[in-house]
Amino acid sequence: MDPVVLDSLDPLIGRLRARGYAVVGPTVRDGVIRFAELGSAADLPRGWSDEQEPGRYRLRQGDDLVFGFAASPDSAKRYTQPPRSSLFRWRDGVAEETPVEAPRVALLGVRACDLAAIAVQDRVFLGGRHPDEAYRARREALFLVAVNCAVPSGTCFCASMGTGPRATTGFDLALTELAEPHLFLAEAGSERGGELLAELPHRPAGPADLEAADEVSRTAAARMGRHVDLDGVKERLVEQRESPVWNEIASRCLTCTNCTMVCPTCFCTTVEDATDLAGGGAERVERWDSCFTLGFTELGGAPVRGSGAARYRQWLTHKFSTWVDQFGTYGCIGCGRCITWCPAGIDITEELERLR
Amino acid sequence: MKKLAVWKFASCDGCQLTLLDCEDELLRVAARVEIAYFLEASSSRDPGPFDLSLVEGSITTPEDAERIRHVRRVSKHLVTIGACATAGGVQALRDLSDVKEFLSVVYARPDYISTLERSTPISAHVPVDFELRGCPIDKRQLLEVIGAFLAGRRPVVPAHSVCVECKARGNTCVLVAHGTPCLGPVTQAGCGALCPAFNRGCFGCFGPMETPNAAALKPRPDQKVLQLYGSRSWGQRDA
């Protein structure tokens, strides 16, 4: 189906809800723009924008756009890989797998970087010899409505990672918001996306609409707040193993895990076992973990990566070097969340430059 | 049936109260262990010995320093509950000044008062098997510790930062998004990131996390806070 023009998002939200999807999209809450379930298009943050820089996020009034802001603290990870999930229960000597919860969710407003992150996660969870069936179930229950970024933030660098700002693949529908006149250019990226689009009130997109959408992405690409030079980065980081820079970063690093928690590709988990006080019952729960905790590398009662320097080095080297060996792509997709949400304002792009 | 004792030293009773607050779960605890000594709940005084002693409060008097030795002698396992027993508590503020000066200002007859110069954690006096942090402790963690000791396994009480729980809960970071000073990044988890869930900064009830780097916090905390977070006197986990 060729790209079409939509005047309103309400029919889209309505049709998705009618198909049994909870429609989750950006809303203004607690002084940030973050994902919550939408009742109608009126819940979207029209007129709101954000300012993002290392260790700082502020909501501000923006242009009269519905999607005039950059990455939110939430990514699709919360839906593909929830913070906690029960794996199995043990009762009277019998283990019983906990049924996977895979609610039908339509994510409205994911960005090109988020789609790239989902593609990275797909490789991690489904690409190997031991696919994660719980991930597959949750992943298949997602309907992805992407929005092409118009207003990147000060910590964005998808353009230099080659993952954005325009969504090219991995979506059911992709929207580009145009300002004058205010409308949405919509394109389908999947069969079900095309079917849904055909049901919505629409009209064909003209050459001017297509050109205006191209211009949105061109402008956004030119407004990236950050930049990463990928040339030789994979080899360089391995060579910098003993660099004094790691210790210097560690003096500023809180090892608080925020970078890994907000990262849409960081997938590490741990399992916790709980026993029932009544006796005889137990449960194993999987929860988000981070390579910044000591417990993450605890072996024989002591952590392998005890120093903050060793932990930061592990994280950065994994993202830009060993991830490539493991999965064939970088582990970073350039969303900038780790920069914005680091309470100490450590900037991954700056540190990569210093490790040159 | 295994015997449980709950002891109180210099403290506000809030941590013991957490055990009573368990309500529904309390019945299940009582079904598995005999709560043999717990003056806040019952006047019976079992002489022991006990399989598990939960100790609340810090050591602030010469009598307490003696009594904790008795508690250790009659307890197979000794677990401290709360910030006072684990770190000295808010009353350890006296450690930063001259306690005799306080006595003369506060009491009409200071000579009636018998007190130690410092408020010290239980681990400064006797070996401790496990220290449960919090002011007060978290009910869920208390049940986990009791359950773990009954099952003979290590309790699942992570020492990482509050931020892990805060992000998992889906809170907005009050530090980054609002500029509210927050000790979450240097404080041990366990509360479920309660204060940030209500748009308040963490004020550190659970003490320093496993590797606190308070000097890296922005805004940089007061020198006294840095001193406290930098000190290694927070019980044996850090020793």
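Things worth noting here:
- Residue count, region B:130-158 (criterion: out of contact with any helix residue (DSSP H, G or I) (no Cβ under 7 Å at 6 or more places or on another chain), touching a residue at least 12 places away in the same chain (Cβ under 8 Å) and of a type outside the set (V, I, T)): 5
- Any hit, region B:17-28, residues being of a type in the set (D, E, K, R), surrounded by fewer than 17 Cβ atoms within 10 Å (Cβ to Cβ) and under 24 Å from B:R73 (Cβ atoms): no
- Identity of the residue in region B:42-65, in a loop (DSSP other than H, G, I, E, B) and polar (S, T, N, Q), that ends up nearest to B:V225 (Cα to Cα): B:T60
- Of all residues assigned to region B:91-113, at least one qualifies as being surrounded by 20 or more Cβ atoms within 10 Å (Cβ to Cβ) and either under 30 Å from A:G280 (Cβ atoms) or not aromatic (F, W, Y) (or both).
- The lone exception for A:A282 - which of (1) more than 30 Å from B:A31 (Cα to Cα); (2) hydrophobic (A, V, I, L, M, F, W, C); (3) within 12 Å of chain B (Cβ to nearest Cβ); (4) in contact (Cβ under 8 Å) with a residue 60 or more places away in the chain it fails: (1)
Here is a yes/no grid of residues against (1) of a type outside the set (A, V, I, L, M, F, W, C); (2) assigned to a loop (DSSP other than H, G, I, E, B); (3) within 27 Å of B:A216 (Cβ to Cβ):
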site: A:F171; (1), (2), (3): no, yes, no
site: A:E177; (1), (2), (3): yes, no, no
site: A:A186; (1), (2), (3): no, no, no
site: A:E235; (1), (2), (3): yes, no, no
site: A:S243; (1), (2), (3): yes, yes, yes
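- Residues satisfying the stated conditions in region A:67-125, i.e. polar (S, T, N, Q) and more than 14 Å from every other protein chain (Cβ to nearest Cβ): A:T80, A:S86, A:T98, A:Q121
- Extreme residue, nearest to A:R139 (Cα to Cα), among residues of region A:91-111 that are assigned to a strand (DSSP E or B) and among the β-branched types (V, I, T): A:V105
- Test: residue in region A:246-263 that is in contact (Cβ under 8 Å) with a residue 40 or more places away in the chain and more than 11 Å from every other protein chain (Cβ to nearest Cβ): yes
- Number of positions in region A:188-233 that are in contact with a Leu (Cβ under 7 Å, 6 or more places away or on another chain), part of a loop (DSSP other than H, G, I, E, B) and either assigned by TED's automatic domain parsing to the domain that holds A:T322 or under 30 Å from A:R313 (Cβ atoms) (or both): 1
Yes/no matrix, rows are residues, columns are (1) more than 22 Å from A:F292 (Cα to Cα); (2) buried (at least 20 other Cβ atoms within 10 Å of the Cβ); (3) assigned by TED's automatic domain parsing to the domain that holds B:Q16; (4) among the charged types (D, E, K, R):
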residue: B:P136; (1), (2), (3), (4): yes, yes, yes, no
residue: B:Q141; (1), (2), (3), (4): yes, yes, yes, no
residue: B:C166; (1), (2), (3), (4): no, yes, no, no
residue: B:V176; (1), (2), (3), (4): no, yes, no, no
residue: B:G179; (1), (2), (3), (4): yes, no, no, no
residue: B:C182; (1), (2), (3), (4): no, yes, no, no
residue: B:P185; (1), (2), (3), (4): no, yes, no, no
residue: B:A189; (1), (2), (3), (4): no, yes, no, no
residue: B:A193; (1), (2), (3), (4): no, yes, no, no
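The values are calculated or read from the model by the stated rules, or taken from the named source; none is laboratory data. A quick note: this is a predicted structure, and the numbers were derived from the prediction, not measured. For neighbour counting, all protein chains shown are included, and Cβ atoms are generated from backbone atoms with ideal geometry for every residue, glycine included.
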